[in-house]
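Worksheet: the structure to be examined is printed underneath.
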Amino acid sequence: MMHKMVPPERISTAWLQKQLQSAEEEFTVSFRRQYPVVWWTTLLGPFVLSAAILAAVAVLAGGKWAARLVGTAAATFFFFGRFVILGGEARTPDMDFFTPGQLMLLVTYMDLMTAILLTSHSGFLFRIPFLGPRMLALVEDGQYILKSNPWMKRLTFAGLVAFVMFPLAATGSVGGSIFGRLLGMSRTSVFIGVALGSVLGNGMMYLGANMINRYLDRNNPWLTIGGIAVVALLIFWLNYRYQRMKRQAMQTLQDAQG
C-alpha cells in the first residue's frame with residue numbers, strides 16, 4: 001500500500017524509487033491475475049483507440065492531416081506540453097492548422113490515455129529501457145514539491161489537481177500519476193485528479209489562445225515564428241528555474257542532514 005510508503009522528510013530518493021517500483025510491480029502482477037480482461041483492456045485500449053482515431057482522421061481528412069496530427073502529438077508529448085494549445089489558429093480560409101479547441105482535445109486525450117496506462121501498468125512501464133528510469137526520476141520532483149508545499153500532502157486531491165494544472169515538464173499526466181501515488185491516493189482518485197487537472201489546465205491555455213487570436217494577426221509569418229520562439233523560451237525558463245530551485249532545496253536538505 002502506498003500509504004505505508006509515504007516517506008519521512010529525510011528519506012532518500014533512491015529508497016523511495018525502489019519502494020514505489022516494487023509496489024507497482026506487485027500491483028501489476030496481482031491486477032493481471034485477478035482481472036485479466038481489464039488488465040489487457042487498459043493496456044492495449046489506449047493504443048487501439050488511438051490507432052482507430054488516426055485511421056478515421058486519415059479517411060475523413062486525408063493522410064496529410066493525419067500525419068500532421070501525429071507530428072503535433074509527438075511535439076506535444078516530448079516538448080511543448082499544453083503550451084501547444086497557444087499555437088492554435090482561428091479557422092480561416094488562409095490557415096491550415098489546428099484550432100485551440102482541437103489542440104485542447106488532443107492534449108486532454110493524451111493526458112487521459114497516459115493516466116490510464118500509468119495508474120494501471122506503471123510496474124510494467126518502469127521496466128522499459130530509457131522510459132522507465134525517466135519516469136522514476138520524477139519521484140525526486142514529487143519529493144521536492146511535497147517538501148516545498150506541505151499543503152499538498154494535507155489536501156491530497158486538490159494538491160494533485162494543482163500539480164497537474166501547472167505547466168511544467170515534471171507535472172502533467174505522467175508526473176501527476178506518480179505524484180498521486182506518493183500522496184497515498186487510490187488509483188481511481190489519481191486518475192480523476194489527473195483528468196480534472198488536465199481539463200482545467202488545458203482550459204486555461206484554450207482561453208489564452210483565443211485571446212491571442214483576438215488581438216494578434218496570425219497571417220503575419222514573423223509573428224508566428226516569434227510566438228513559437230517566445231513559447232520555447234518560456235518552457236526552457238520555467239524548467240530551468242524549477243530545476244535550480246529543486247537543486248537548492250535538495251542541497252539545503254543534505255546540509256541539514258550532514
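Just so it is clear, none of the values below were taken in a lab; they were calculated from the coordinates. Values in this document were obtained by computation on a predicted structure and should not be read as measured data. Here Cβ is always computed from backbone atoms with ideal geometry, including for glycine, and neighbour counts include all displayed protein chains.
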- Once you have the Cα-Cα distance between Ser186 and Asn149, take 0.36 nm times their residue separation minus that, and quote the gain in nm to one decimal. 11.2 nm
- Message: Classify the stretch 33-80 from the C-alpha gyration tensor, please: rounded if a/c falls under 1.5, else prolate or oblate depending on whether a/b exceeds b/c.
- Response: oblate
- Which number do you get for Rg(Cα) / (2.2 N^0.38 Å) in the stretch 9-135? 1.32
- Fully extended, how many nm does the chain gain between Ser12 and Val37 (0.36 nm per residue separation, minus their Cα-Cα distance)? 5.3 nm
- Task: Could you list Arg181, Arg214 in order of exposure, starting from the residue whose Cβ has the fewest other Cβ atoms within 10 Å?
- Result: Arg214, Arg181
- Determine the shape class of the stretch 110-154: with a ≥ b ≥ c the square roots of the Cα gyration tensor eigenvalues, call it rounded for a/c under 1.5, and otherwise prolate if a/b is greater than b/c, oblate otherwise. oblate
